[in-house]
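Structure first, commentary second.
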Amino acid sequence: MPIDKFVKITSPAVPLPIENVDTDQIIPARFLKAVERKGFGENLFRDWRYLDNNEPNPEFVMNKAEFSGSILVGGKNFGSGSSREHAAWAIYDAGFKVVVSSFFADIFKGNALNNGLLPVQVTPEFLDEIFETIDKNNKAEFTVDLENQTFTNNTSGNSFEFEINPYKKTCLLNGYDDIDYLVNMKDEIEAFEQNK
Amino acid sequence: MEAKTLFDKVWDAHVVKKVEGGPNVLYIDRHFIHEVTSPVAFLGLKNRGLKVARPDQTTATPDHNVPTTNQHLSIVDELSRNQVDKLKANCEEHGITFHGLGTEGHGVVHIIGPEQGLTQPGMTIVCGDSHTSTHGAFGAVAFGIGTSEVEMVLASQCIMQPKPKKMRITVNGDLKPGVTAKDIALYIIAKLSTSGGTGHFIEYAGTTFKQLSMEGRMTVCNLSIESGARGGLIAPDETTFEYVKGRKYAPKGEEWDKALAYWKTLKTDDNAVFDTEYTFDAADIEPMITYGTNPGMGIKISENIPTSDGLKGNDKKSFQKSLEYMGFKEGEPILGKPVDYVFLGSCTNGRIEDFRVFTEYVKGKKKADNVVAWLVPGSVAVEKQIREEGLVEILEEAGFELRQPGCSACLAMNPDKVPAGKYAVSTTNRNFEGRQGPKSRTLLASPLVAAACAIEGKVSTPTNF
């Protein structure tokens, strides 16, 4: 499915200062039974976000009225574990456009990029600064500029230049996806098969 | 000529195109699909008006969702049944081989591929499942992908991937008695952490891996993803060729000779360079078990649970959160901890060798009354072999019963769920919070350790095996 374009956003951020947030926490396996891509956002962080009686857990950050925004900030090694793309879908469908961490698991990172969800990897020090800024002011805003590859803490004015594969950057800026690219390569792929 | 690693040789032979400033377009030889990560990909194809490019290189089986009892009946859970039915319908529409429940080819996707000879040295293999790394045991480049990528492969038989970095993990020497392939893997993950392998493809080298059976090698490669690596592989040798030869989809006659000649070239050149190297001594490895909520939190079963001394900030908080979830205290022994459930099975340890080891240990003993044990073969073929070898009678005598194949309690998408707060010693791959059921607590271990725990009814070391 074609992805939404991503250019630049300014938003407060939702902090999740937990390390090794695995894809089973992002969306537990029992919520992977749909055959269409819908409804996953409701079950994002299901077992942390809801109590045993299915009421929202008031202690969980997404249930606190003072936190909002389209940027999710996680601890290091975010997205480890299963290859389920449902994890990226759930985060995106819950309204996030950017995930920030000091380290991402490979498959999660690829899945995020394939869905218009931008993974921004910053240094551990910068991650600490982001958490501290939100801790002091939960409405503090951050600006993510894909064209210039910068993540800016608008409170401190500090800016971090993040890395992204130039091809993936072009895809996100324009809303292109890899399938269009590959389908257009049909002749080259068939030639490759002949020579194998 | 530039010296190449085994990984380079296989990867480079499949690059259709290098996108400027971007990933490689990689040709895929074998695509395995299952019911959970494929439906949205098929929907994507439909929306674009595309057909599956190479149905003959695609194989399907429902495994994640399926019950492990009464498989001849309709699946009770409506959503699970719908996913399984959808996979079957998609396969019929696109001409893909589908191994349905109860048929002789059915089983966990990473078990049936090697069994049927679909997995061969030098191939590129993908599946929408992170444990696709299992197939690396044959000297294949095999890795897990997301659903968008499943759609790419269905549509074009190619995938766009940046080439990973290369890591070599060398283990030399003989294993101590009671130490199995699973212990080697848990030992490595404990050393590397769950992110130490990220960005890399691992080659496992050294005499210890050479001595492993194909089943053992599959267990090691299966767990590569748990260190964060995309995959892991082992150079094919006589053990590999012997395993592949004669299987249903293995090359035959002249094709076999040709394939074999190529497979024999699949090894790392002497002076090839890796980005990262680790070397371990087999003599240092003991039976392992995990105490926390990620597979890197593993210790020798004889050791005490580590303390958070020396950790700070979020590291310390995450460690403490993990122990709190498990109901364990820092510094206490893991031996003697309660065990409520024992699970033998999954793509990690659901092969015949795992059942032999387990059965051998429990032979003539009795399962502890406080333990519920689920023994789930990885495939119909494994189940058949268990019966043919007379293992069922021994298991039943010891108080165990055999279930039907599937992923089962490894991820608890089916009815096999460990209840909240209960402890499961599991031969699987992940001990994440709630992995085996909401609020369940998982201790990862080998089939041998699981057998000892099932007999003693608490965390125990195997003895007198």
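Structure data summary
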| item | result |
| --- | --- |
| Every residue from region A:135-183 that is within 14 Å of another protein chain (Cβ to nearest Cβ) and either more than 17 Å from the chain's Cα centre (by Cα) or in a strand (DSSP E or B) (or both) | A:ASP135, A:PRO166, A:TYR167, A:THR170, A:ASN174, A:TYR176, A:ASP178, A:ILE179, A:ASP180, A:TYR181, A:LEU182, A:VAL183 |
| The lone exception for B:HIS64 - which of (1) closer than 30 Å to A:LEU117 by Cβ; (2) open to solvent by less than 10 Å² (accessible area, probe 1.4 Å) it fails | (2) |
| Near pairs, Cβ below 6 angstrom, 6+ apart or cross-chain, from region B:279-291 (under 22 Å from B:LEU335 (Cβ atoms)) to any residue that is among the acidic types (Asp, Glu) | B:ILE285/B:ASP183; B:PRO287/B:ASP183; B:MET288/B:ASP183 |
| Members of region A:13-60 found to be closer than 20 Å to B:ASP315 by Cα, more than 11 Å from chain B (Cβ to nearest Cβ) and in a helix (DSSP H, G or I), listed by number | none |
| Top-ranked residue of region B:353-384 - restricted to ones that are under 14 Å from the mean Cα position of the chain (by Cα) and open to solvent by less than 10 Å² (accessible area, probe 1.4 Å), ranked as nearest to B:THR463 (Cα to Cα) | B:PRO377 |
| Filter pass, A:ILE3 being within 20 Å of B:SER318 (Cα to Cα) and either within 11 Å of chain B (Cβ to nearest Cβ) or open to solvent by less than 20 Å² (accessible area, probe 1.4 Å) (or both) | no |
| Only one of B:SER193, B:SER148, B:SER213, B:SER156 that is within 18 Å of B:GLY378 (Cβ to Cβ) and among the polar types (S, T, N, Q) | B:SER213 |
| Residue match in region A:61-70 (condition: within 11 Å of chain B (Cβ to nearest Cβ) and among the aliphatic types (A, V, I, L, M)) | no |
| Count of region B:243-264 residues which are in a helix (DSSP H, G or I) and within 27 Å of B:GLN161 (Cβ to Cβ) | 4 |
| Filter result (of a type in the set (Gly, Ala, Ser), buried (at least 24 other Cβ atoms within 10 Å of the Cβ), within 14 Å of chain A (Cβ to nearest Cβ) and over 14 Å from B:HIS64 (Cα atoms)) within region B:110-134 | B:SER133 |
| Residues satisfying the stated conditions in region B:244-278, i.e. of a type in the set (Ser, Thr, Tyr) and over 30 Å from B:VAL425 (Cβ atoms) | B:TYR249, B:TYR262, B:THR265, B:THR268, B:THR276 |
| Residue selected from region A:155-196 under the condition touching a Ser or Thr at 6+ places or on another chain (Cβ under 6 Å) and in contact (Cβ under 8 Å) with a residue 12 or more places away in the chain, by the criterion nearest to A:LYS8 (Cα to Cα) | A:GLU161 |
| Unique residue being in contact with a Phe, Trp or Tyr (Cβ under 6 Å, 6 or more places away or on another chain) and not basic (Lys, Arg) when the list is A:PHE67, A:PHE60, A:PHE45, A:PHE6 | A:PHE60 |
| Qualifying residue in region A:37-57 (condition: farther than 23 Å from B:GLY434 by Cα and either small (Gly, Ala, Ser) or in contact (Cβ under 8 Å) with a residue 60 or more places away in the chain (or both)) | no |
| Yes/no for B:SER308 being free of Cβ contacts under 8 Å to residues at least 60 places away in the same chain, buried (at least 16 other Cβ atoms within 10 Å of the Cβ), part of a helix (DSSP H, G or I) and of a type in the set (Ser, Thr, Tyr) | no |
| Selection within region B:135-162 - outside any strand (DSSP E or B) and either without any contact (Cβ under 8 Å) to a residue 12 or more places away in the chain or more than 12 Å from every other protein chain (Cβ to nearest Cβ) (or both) | B:HIS135, B:GLY136, B:ALA137, B:PHE138, B:GLY139, B:ALA140, B:MET152 |
| Selection within region B:95-119 - within 21 Å of the chain's Cα centre (by Cα) and polar (S, T, N, Q) | B:GLN116, B:THR119 |
| Inter-residue pairs, beta-carbon under 8 Å, first free of Cβ contacts under 8 Å to residues at least 40 places away in the same chain and in region B:247-261, second not in a helix (DSSP H, G or I), 6+ apart | B:TRP256/B:LYS245; B:TRP256/B:ALA250; B:LYS258/B:PRO251 |
| Residue match in region A:7-20 (condition: closer than 27 Å to B:MET413 by Cα, in contact (Cβ under 8 Å) with a residue 60 or more places away in the chain and among the polar types (S, T, N, Q)) | yes |
| Contacts under 9 angstrom Cβ, first residue in region B:431-445 being more than 9 Å from every other protein chain (Cβ to nearest Cβ), partner open to solvent by 10 Å² or more (accessible area, probe 1.4 Å) and of a type in the set (Val, Ile, Thr), 6 or more apart | B:ASN431/B:THR293; B:ARG441/B:THR293; B:THR442/B:THR293 |
| Test: residue in region B:403-413 that is outside any loop (DSSP other than H, G, I, E, B), open to solvent by 10 Å² or more (accessible area, probe 1.4 Å), more than 9 Å from every other protein chain (Cβ to nearest Cβ) and more than 24 Å from B:THR194 (Cβ to Cβ) | no |
| Filter result (under 13 Å from B:GLY122 (Cβ atoms) and open to solvent by 20 Å² or more (accessible area, probe 1.4 Å)) within region B:5-28 | B:LYS9, B:ASP12, B:ALA13 |
| Residue satisfying condition, being more than 18 Å from B:GLY122 (Cα to Cα), part of a helix (DSSP H, G or I) and modelled with pLDDT of 95 or more, within set B:THR219, B:THR194, B:THR279 | B:THR219 |
| Residue match in region B:448-463 (condition: in a loop (DSSP other than H, G, I, E, B), in contact with a strand residue (DSSP E or B) (Cβ under 9 Å, 6 or more places away or on another chain) and under 29 Å from A:ARG84 (Cβ atoms)) | no |
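To keep it simple, each residue is scored yes or no on (1) of a type outside the set (S, T, N, Q); (2) open to solvent by 20 Å² or more (accessible area, probe 1.4 Å); (3) in a helix (DSSP H, G or I); (4) in contact with a Ser or Thr (Cβ under 9 Å, 6 or more places away or on another chain).
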residue	(1), (2), (3), (4)
B:ASP174	yes, yes, no, yes
B:ALA185	yes, no, yes, yes
B:ILE202	yes, no, no, yes
B:GLU215	yes, yes, yes, no
B:PRO236	yes, no, no, no
B:PHE241	yes, no, yes, no
B:ALA272	yes, no, no, yes
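The values are calculated or read from the model by the stated rules, or taken from the named source; none is laboratory data. None of the values given here were measured: they were computed from a predicted structure. Reconstructed Cβ throughout: ideal geometry from the backbone, glycine too, with neighbour counts over all protein chains shown. Side chains are part of the model used for accessible areas, which takes the heavy atoms of the whole protein and leaves out ligands, DNA and RNA. Shrake-Rupley method; radii C 1.70, N 1.55, O 1.52, S 1.80 Å.
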